[in-house]
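This report concerns only the one structure given below.
The values are calculated or read from the model by the stated rules, or taken from the named source; none is laboratory data. Everything numeric in this text was worked out from a predicted model, so none of it was measured. Neighbour counts are summed over all protein chains in view; Cβ atoms, including those assigned to glycine, are modelled from backbone coordinates with ideal geometry.
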Amino acid sequence: MTVVVAGSLNLDLVGRAPRIPGPGETVMGQTLARFHGGKGGNQAVAAARLGAAVRFFGAVGRDAAGDELLAGLAAEHIDVAGVARVDTASGCALITVSEAGENAITVLPGANREAPLPTEGALRGARCVVLQMEVPPAANQAWAAAARAAGVPVMLNAAPAGADAVALLPWTDLLLVNEGELAQLCAQTGHAEAALGPATVVTTLGERGCRVWHRGREVAVPGRPVDVVDTTGAGDTFAGALAAALAAGKALIPAVTEANVAAALSCRRPGARGGMPSRAELDAALAEA
Ligand code: RIB
């Protein structure tokens, strides 16, 4: 049940403020914290905490942040042999989290711009490949093509949902987006959700849960109420949990149901990975439903 994640690693610098400032505005914040992040790394951790064997491919600098980010993945029992060390500084994300737990993120990709292409054997034994949009499009294209050639399904978390994400849609088996990203993809392609291309489209709806479109059938999965501290990484938790469940052989709707609860639980603690549940925590929450 190996999950391959190819994607970004960032050091997250997180400022808490009463609200997220608008353009040109200054707001007085409260605290500054640093966490391990990057959508790729976060999704890998979410899957590993739920019991998946995870192989991660990405790039960090030859700097202290790179050491730290690699150690963070290794501590979660993730195979990091495919992470390149490059001369560019490790990726960084500047994040503001509001009192309501909402966030605004600026990613400074740094070393992620040199994310590796698939190597011989990279997909051996993989049950799915998980991609996001924080590494160069050529890298994502190469991973998607290698996965297609190897018969391994591709899950694309189209975040951010620019033109490069549109180009990956024909290579995608399962598309995971939030409402804003879905609207962006539909606007760029001129197609509705059902005609974007992937056989499955999962749209996360925040506290309202998510919607699953699969080959003409639509299913709504309601949200799980939690006391929200920080929504950063909720989408990544969803992606990693979904990949872990599908890799474990679960059917689509039970897998999405798990991912939906995992994402809600992740919002209860600060940092993208702080609230990601363990297998035991998720099983207990699922049993409560
Ligand atoms: O999805 C949350 C992540 O987005 C953060 O960890 C940040 O690094 C950015 O990649």
Item to complete: Report, by residue number, each residue of the range 28-47 that is hydrophobic (A, V, I, L, M, F, W, C) and either assigned to a strand (DSSP E or B) or touching a residue at least 40 places away in the same chain (Cβ under 8 Å) (or both).
Response: LEU32, ALA33, PHE35, ALA44, VAL45, ALA46, ALA47
Practice prompt. Looking at (1) within 16 Å of the ligand (Cβ to nearest atom); (2) among the polar types (S, T, N, Q); (3) farther than 18 Å from ASN260 by Cα, find the lone condition where THR189 falls short.
Written response: (1)
Item to complete: Run VAL45 past the list (1) within 24 Å of the chain's Cα centre (by Cα); (2) at positive phi and report the number of the one that doesn't hold.
Response: (2)
Worksheet, complete the sentence: Within the range 70-94, residues part of a loop (DSSP other than H, G, I, E, B) and within 15 Å of the ligand (Cβ to nearest atom) come out as GLU76, ALA89, SER90
Fill in: Test: residue in the range 95-113 that is of a type outside the set (D, E, K, R), within 12 Å of the ligand (Cβ to nearest atom), in contact with a Phe, Trp or Tyr (Cβ under 9 Å, 6 or more places away or on another chain) and more than 24 Å from ALA52 (Cα to Cα)
yes
Worksheet item: Within the group GLY110, GLY101, which residue is at pLDDT below 95 and of a type in the set (Gly, Ala, Ser)?
Response: GLY101
Practice prompt. Find the residue count for the range 235-270, including only residues that are within 16 Å of the ligand (Cβ to nearest atom), hydrophobic (A, V, I, L, M, F, W, C) and outside any helix (DSSP H, G or I).
Written response: 1
Discussion item. I'd like the residue in the range 119-165 that is acidic (Asp, Glu) and farther than 21 Å from THR200 by Cβ and, out of all such residues, is modelled with the highest pLDDT.
Written reply: GLU134
Item to complete: Residues that are crowded, with 21+ Cβ neighbours inside 10 Å and among the acidic types (Asp, Glu): find the helices (runs of 4 or more DSSP H) completely inside the range 101-200 holding 1 or more of those.
Response: 179-189
